[in-house]
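The values are calculated or read from the model by the stated rules, or taken from the named source; none is laboratory data. Values in this document were obtained by computation on a predicted structure and should not be read as measured data. We place every Cβ from the backbone using ideal geometry, glycine too, and count neighbours over all the protein chains shown.
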Amino acid sequence: MSNQHHDSGDSMDNMPAVRARVPEHVAKGEISTGVIVVTGATEFVLDFVRNLPRPSTIVARVVLPHGVMPQFIEALAKNIELFRQRYGELPGTQQPTIPQVDTHHAPSSQETGQGQPASNPSVASPLEVPGTTSIQAGMHANPTSGPVPTQPAQPAAPQPPKRQNPQEIYDELKLRDEILSGTYANAVMIGHGPYEFSFDFITNFYPQSAVSCRVYLASGHIPRLLDSLKQSWEQLRPRLGYPPPNLP
């Protein structure tokens, strides 16, 4: 038994009439509280994370071809604008910035089973360890007047937060075997209500398109998701020969 999904007009411009079957096992969707964006040699990988309960868990992994990303970004930007027209500004959130992981030309001593670099160790991590400060104080002896009071402790300058490499990020995440390979998608349908955005990732194949993964994100996470996708795409775009955006 499968469901039919009818888009309300928020899908990507080049696929205005996409209709996709929704299999029962993806119909309920997954709730996510953050996304890790990984740039690979031929695809983007979106790891949707849920932070509660602990440990944090990757609840869905979606694999998108490079060419889908600019359309995804455009569709998401349009949905954000529609949200603002209907409900006002998106709410803020205190969650960490969504990281981008670039594995396209990333040197690494650890490789996957296929011989591809596993991660770029210089990427910023969303899991930041607070810096520590060292405070030293002492007594200074004066031979004629006796000991003087302890001098006030001078705190050291705070150190910047430690940045974890991708391996350290994923060491702290739970990843079930059944989603290790992810789900492939070459189209996306986006919808939203007053509190959340929904993402239907679709395999758009003949003779019938199907939703391969459905994810919900609270609206407060969406602006940072868009920024993260844009940054990942802008880092990759020159390698693929795509022109800069907004060219005549």
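General remarks:
Yes or no, residue by residue, for (1) closer than 20 Å to I73 by Cα; (2) among the basic types (K, R):
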site	(1), (2)
K162	no, yes
E168	no, no
V188	yes, no
P194	no, no
S212	yes, no
P223	yes, no
D227	yes, no
Q231	yes, no
P238	yes, no
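- Checking each residue in the stretch 202-248 for being in contact (Cβ under 8 Å) with a residue 24 or more places away in the chain, of a type in the set (A, V, I, L, M) and surrounded by fewer than 16 Cβ atoms within 10 Å (Cβ to Cβ) picks out only L240.
- In the stretch 174-196, of all residues being in a strand (DSSP E or B) and β-branched (V, I, T), the one that is farthest from H66 (Cα to Cα) corresponds to I190.
- Scope the stretch 42-67; condition part of a helix (DSSP H, G or I) and surrounded by 19 or more Cβ atoms within 10 Å (Cβ to Cβ); matching residues: H66
- The stretch 197-226, subset assigned to a loop (DSSP other than H, G, I, E, B) and among the polar types (S, T, N, Q), residue nearest to R86 (Cα to Cα): N204
- Pairs where the first residue, in the stretch 39-57, is of a type in the set (K, R) and the second is crowded, with 16+ Cβ neighbours inside 10 Å and not in a loop (DSSP other than H, G, I, E, B), C-beta under 7 Å, 6+ apart: R50/S32; R50/T57; R50/V59
- Residues that are within 16 Å of S32 (Cα to Cα) and buried (at least 19 other Cβ atoms within 10 Å of the Cβ) were ranked within the stretch 68-107; the one that is modelled with the highest pLDDT is P99.
- The set of residues in the stretch 24-46 being touching a Lys or Arg at 6+ places or on another chain (Cβ under 8 Å) and farther than 19 Å from P223 by Cβ consists of V26, A27, K28, G29, E30, V45.
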